[in-house]
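Bear in mind these aren't lab numbers, they're just calculated from the coordinates by the rules spelled out. As the structure is a computational prediction, the values presented were derived from the model and not from experiment. Note: ideal-geometry Cβ built from the backbone for every residue, glycine included; neighbour counts use all protein chains shown.
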Amino acid sequence: MSGRSILAYVPVNLATIVTSFGGLAILTRLLDASEYGRYALAMITMLAFHMALFSWLEAAMARFQARAERNDDVNSHVKTLYRYALLTVAIIWPIAMAVLFVLPIDASMRNVLAVAISSTCLQLFLNIGTEAHKAAHRIMRYSALYSTHLMLSFTIGIILIIVTPLREMALFFGIMAAIIIVLSVDLPFMIKQMRGGTSDPDKVKTYFKYGMPISVSLLLTYALSSGDMYLITAMLGDAYAGEYSASYNLANRSLDVLFIWLGMAFTPIAVTALEKQGLDQSRDVMKDYGAALLWIAMPAATGIALVAGDVGFILGEDVRAGAVKIMPLIAFAGVLNGMICYYAQRAFMLSGKTDMFVWAMVPPVILNIGLNIVLIPKYELMGAVYATVAAYALGLVIAMVLGRRHYPLPVPVRAFFEISLACIAMAATVWALGPLDSLPDFIALLIKATLGAVTYGIVCLVINAANCRDLLRDMIGRFKSKDDADIEPITAEVTP
């Protein structure tokens, strides 16, 4: 089912690409660098708030859905999570608004944060439903709901920027409007899932014990990737923060789309395999997953580094120059970050030792903060990138070492070297083209991207990097097959 799942999530990734890069291109033109910097700061604050307080509920839905199905207890499982989500929001939202009211911050920033936090409180109820759909392998429903939410948020937010004076607040109002529309469709479905169930406090204890370490570890991981925004704002100002955020979103978001895509396809299958078929079957899924992540993410990062100058046309002029300079290193930092969040973390999730992932993230966060304080004054934005790369590298090593003590997570060493060879060939081919300054940026980008992708694909197929021939054969076969009931992992064995 893995190959077919990858294809089933294509609409989600297309919507993510459109909203991420379309939004980046439009927002950096509609908003000046300072406005975009405040929007970015509000966005990372909103996401950190959500991770710290709400993600444990979503993680519990994803992890225990298969167990509830095995025990014929889905209605109580779903009802318990929705009820405690409502209770959590009812307590947290007024406290958050009161804290914002007394914080000594600029009034415009306070207003943006108030709307952002309100939108993420509403987002919790949509996320619980979509996590249930993924875990239950209702892929088409998940794909339709998530894609619709992304496109509506994007469209409504942009319209509000243009026709109202809301400026950076407009995007968060767009998010809230989209959530309400999608919930009007999905919530009745989820209410049916709760019928006959009871809200069980004992379940909540289990869910909290499992999920809260994930929330804390996600927060620490997010601090690695976004905490430097606060330091950049404090040391260099809103405009520099806007440049850094624009570059990070363009480079790292490209990789995030790929990591999330594969994670959505493989993780529910790995959980189901563990719960219903055992450890060995789950490990087989993860072996395929690790190699597939590298096979897609490493050439993407190499490509971003090669065409950073050409891809800058996507960004508005206020943020373009500074953003392009730091993009190549951010791309490779994104690979390290993705392997932490979407691969190494799965060892802790599948073993249930989620508290250990928290400790794995503490040293890199401390290193990142320390290096930022030292390097930003000397190297400005590039200093923040140096700090991020060093911290991610440390985080990946620690997470893999600790994670493998609790779950036999495969280390795809051979796949890494095979894919590295193909990436080197891709880079050499693109460099051989020389400068294409006489061509428009978009045409130069298209030529380099096409030539690089073709070279990478040919080399991979020739050397069968990460057993990619069998992965592609499986995807094609699953796409053609009408039987989607099988939950076995990819039949090809990917060489670790």
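Structure notes:
- Student exercise, the chain dipole from Lys, Arg, Asp, Glu Cβ charges, in Debye to nearest 20: 940
- Counting only residues at least eight positions apart within a chain, or on another chain, the aspartates and glutamates with an alpha carbon under 17 Å from that of LYS448 are ASP310, ASP437.
- DSSP-assigned coil residues among trypsin sites (Lys or Arg not before Pro) in region 165-231, each with at most 11 further Cβ atoms within 10 Å: ARG195
- Within straight-line cross-link reach of LYS192, lysines at Cα separation under 16 Å, skipping those fewer than 8 residues along the same chain: LYS79
- Each principal axis of the Cα cloud of the chain was evaluated for its coordinate range; sorted largest first, these ranges are 67, 60, 41 Å.
- Of all aspartates and glutamates in the structure, those lying under 17 Å Cα to Cα from LYS287, and not within fewer than 8 positions of it along the same chain, are GLU418, ASP470, ASP474, GLU488, GLU493.
- For region 133-139, the Karplus equation 6.51 cos²θ - 1.76 cosθ + 1.60, evaluated at θ = phi - 60°, returns couplings of 5, 4, 5, 8, 6, 8, 5 Hz by residue, with Gly and Pro reported as x.
- Summed residue charge, Cβ within 9 Å of PRO213's Cβ, Lys/Arg positive, Asp/Glu negative: +1
- Listed from fewest to most Cβ neighbours within 10 Å, the set TRP431, TRP359 follows the order TRP431, TRP359.
- Residue separation of VAL462 and ASN75 scaled by 0.36 nm, minus their Cα-Cα distance, works out to 134.3 nm of gained length.
- Here region 27-78 and region 223-271 have alpha carbon centers that stand 14 Å from each other.
- Projecting the Cα atoms of ILE366, PHE348, ALA241 onto the charge dipole of region 2-480, computed from C-beta unit charges around the Cα centre, puts PHE348 farthest toward the positive end.
- Three-way shape call for region 54-197 based on the alpha-carbon gyration tensor, with the a/c threshold at 1.5: oblate
- Sorted by Cβ neighbour density within 10 Å, fewest at the top, the residues LEU14, LEU258: LEU14, LEU258
- Point-to-point label distance, ALA98-ARG83, nm (Cα→Cβ direction, 7 Å offset): 2.6
- Assigned charges on the beta-carbon of Lys, Arg, Asp, Glu; region 194-246 dipole about Cα centre (debye): 460
- Only one residue of ALA390, LEU145, LEU445 has its Cα farthest out toward the positive end of the dipole of region 2-480, where Lys and Arg carry +1 and Asp and Glu -1 on Cβ, and that residue is LEU145.
- Among PHE357, PHE208, PHE64, the ranking by other beta carbons within 10 Å of each residue's beta carbon, starting with the fewest, stands as PHE208, PHE64, PHE357.
- Proximal charge balance of ALA234 [Cβ under 14 Å; K/R count +1, D/E count -1]: -3
- Taking a ≥ b ≥ c as the square roots of the eigenvalues of the Cα gyration tensor, region 214-298 is prolate, since a/c reaches 1.5 or more and a/b is larger than b/c.
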